[in-house]
Amino acid sequence: MIMTLPRKFTWSLLIVAMLSAQTSRAFSAEESVCPNLLFFLVDDMGVADTSVRFLRDAAGEPVDMPLNERYRTPAMERMAAQGRVFTNARAYAVCTPTRTSILTGQAAERLRITTWTHPKQVVDTGAADGPLRSPDWRMEGLDPAIPTLPGILREAGYRTIHSGKAHFGPDATPAGDPLNVGFDVNIAGYGGGGPGSYWGEKNFSAAWRGGGHNWDVPGLKKYHGTDTFLTEAITLEMCAAIDEAVAAGKPFFAHMSHYAVHAPFETDARFAENYPELEGMPLAFATLVEGMDKSLGDLLDHLEAVGVAGDTLVVFYSDNGSDGPPNLPLRGKKGTRFEGGFRVPMIVAWAKPDPENPNQQRLPIPPGSWTGVFATPADFLPTLAAVAGVELPAGLTIDGHNLSSALTGGSHPREPEFLAHFPHGRHNNTFYSSFIEDDWKLIYQYEPRAWQLYHLATDPGEQRDLVEVEPARALEMARRMIQRLVERGAQFPLDAETGEEVRPRLAELEAAADEG
């Protein structure tokens, strides 16, 4: 679905009213103010990498995943108790497509950013040897000319703050710097998709282990040579930046974007003793999860301490599925065509519930609730702009949907579908398109040109391929998937010898449907 929205902002009267009621001081719950927005983005976290239950069975009951009992995430539990859990949240299977879609409200295939970008140079990270090769995708990352969520909010009067992982494009391009895509403040963000190291003692660099300097985290020299873990450092810096916005009397959009729980899997010593049964990578991963959760709790507490928690909406989300221990019963992991790569945790809540708060009266989120409404990366721009009361520029192409009614428990017309298109090799899987409608999921592999069909409600682990059982359904979904790809100007894999596009082949499905 594409929405074209008018270009003007409705802030003039609101700002005048605000200025007449307050000076440059912290907002309080008693005042009618612009809501602050905290977007808490985790890297490579699956739905099982938490003590919160995100998976539901066909009857809507929570499903215990094997890893749920391992991880300690009390801050996530706190958010879930005071807000709304989304059980059908999806992201693209790798970083940059999700991150640029969040900022623009556009699908990855429309942006032509369909795999991760190199930290420094414009190169094809999806190159592969074989009969297929990548199309000429946008290896330079996000086009700064496209309006972004932080840019739109900044124009409306928000202070826009980025802290942590960016990965919007290589350092050699404008997108490598968050300041070029709408942020007023950039803390530790650059073109890389991961840190060289999480350890301040190693200067957040991979050089100590012979990994060079491509992945050095910038701007945190004050923590070099200390025992400060990276997750803690960028949280402290975000708290300071929020303080500055509050002191200036400005609403803020805080993009708290963690490098955790991305590789390298280095143990956060603060939490190691909590997992005496683990060692090696599983131990490191568990401590990364708990350190991330501590950051969430610290931020919620800090917002309350400075008096803005009641006016701050918090969104918790992950940029793709887990790259750690398998998220069983889900199949696959980050980068794959299976649900282990797409299905992600998402929670939305006010930082401090207060039914008397004017912002919360306008957007009352039922505590301890959940919804099966689909949520995708492109939905955040229209949703958060609506929460902030900001109209979007005229002519702006938006593939996402405004989910604000879903936050309150109201009905929502959003189509229950998600399309992920990966016309590349490498990264755990190669050359596929995946299309989810309701409880059904269709996959096309461009090599060996094969279809797969799964019923996710009864088979979340994608173990029973039903394409031969339901060929007519598969054909209908395939046609809609191709229609979506064409509408969005998607690029398809290229034949390595001829350079011609390789599109999904319907002949086998058509023949099977006719026989059925």
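The values are calculated or read from the model by the stated rules, or taken from the named source; none is laboratory data. Only a predicted model underlies this, so the values are computations on that prediction, with no experimental measurement involved. Positions of Cβ are generated from backbone atoms using ideal geometry, with glycine treated the same way; all protein chains shown enter the neighbour counts. Heads up: the accessible areas ignore ligands, DNA and RNA and are worked out on the full protein's heavy atoms, side chains in. Shrake-Rupley method; radii C 1.70, N 1.55, O 1.52, S 1.80 Å.
A residue that is charged (D, E, K, R), farther than 26 Å from residue 397 by Cβ, within 28 Å of the chain's Cα centre (by Cα) and surrounded by 21 or more Cβ atoms within 10 Å (Cβ to Cβ) can be found somewhere in segment 461-474.
How many residues, within segment 374-405, are under 20 Å from residue 36 (Cβ atoms) and in contact with a Ser or Thr (Cβ under 7 Å, 6 or more places away or on another chain)? Give the steps one after another, and end with the answer.
The initial filter retains those residues of segment 374-405 that are under 20 Å from residue 36 (Cβ atoms), namely 379-392, 402-404.
Those still in the list that are in contact with a Ser or Thr (Cβ under 7 Å, 6 or more places away or on another chain) too: 381, 383, 386-387, 389, 391, 402-404.
Qualifying residue count for the region: 9.
Can you spot a residue in segment 281-301 that is of a type in the set (A, V, I, L, M), part of a loop (DSSP other than H, G, I, E, B) and farther than 30 Å from residue 211 by Cα? Explain how you work it out, then say what you get.
Restricting attention to segment 281-301, the residues satisfying the condition of being of a type in the set (A, V, I, L, M) are 281, 283-284, 286, 288-289, 292, 296, 299-300.
Cutting the leftovers down to part of a loop (DSSP other than H, G, I, E, B) gives us none.
Within segment 281-301, not a single residue is of a type in the set (A, V, I, L, M), part of a loop (DSSP other than H, G, I, E, B) and farther than 30 Å from residue 211 by Cα.
Listed by first and then second residue, the pairs linking a residue in segment 215-229 that is under 18 Å from residue 189 (Cα atoms) and of a type outside the set (Ser, Thr, Tyr) to a residue that is open to solvent by 80 Å² or more (accessible area, probe 1.4 Å) and part of a loop (DSSP other than H, G, I, E, B), with Cβ atoms under 7 Å apart and 6 or more places separating them unless they lie on different chains, are 229/270.
Scanning segment 226-248 for residues that are of a type in the set (Ser, Thr, Tyr) and closer than 11 Å to residue 198 by Cβ returns 228, 231. Only residues that are small (Gly, Ala, Ser), assigned to a helix (DSSP H, G or I) and either surrounded by fewer than 19 Cβ atoms within 10 Å (Cβ to Cβ) or without any contact (Cβ under 8 Å) to a residue 40 or more places away in the chain (or both) were counted in segment 242-255, giving 1.
Taking the criterion of being assigned to a helix (DSSP H, G or I) and in contact (Cβ under 8 Å) with a residue 12 or more places away in the chain, would at least one residue in segment 262-271 satisfy it? Checked segment 262-271: no residue is assigned to a helix (DSSP H, G or I) and in contact (Cβ under 8 Å) with a residue 12 or more places away in the chain.
Pick out, from segment 385-503, the strands (runs of 3 or more DSSP E) lying fully within it that include 1 or more residues that are under 21 Å from residue 108 (Cβ atoms) and of a type in the set (Asp, Glu).
Working: elements: 417-422, 432-437, 440-445, 450-455.
Because the criterion is at least 1 residues that are under 21 Å from residue 108 (Cβ atoms) and of a type in the set (Asp, Glu), the strands (runs of 3 or more DSSP E) in segment 385-503 that meet it are 417-422, 432-437.
Every listed requirement among (1) surrounded by 18 or more Cβ atoms within 10 Å (Cβ to Cβ); (2) in a helix (DSSP H, G or I); (3) not β-branched (Val, Ile, Thr) is met by residue 514 save one, (1). Between 77, 140, the distinction of being at negative phi, in a loop (DSSP other than H, G, I, E, B) and acidic (Asp, Glu) belongs to 140 only.
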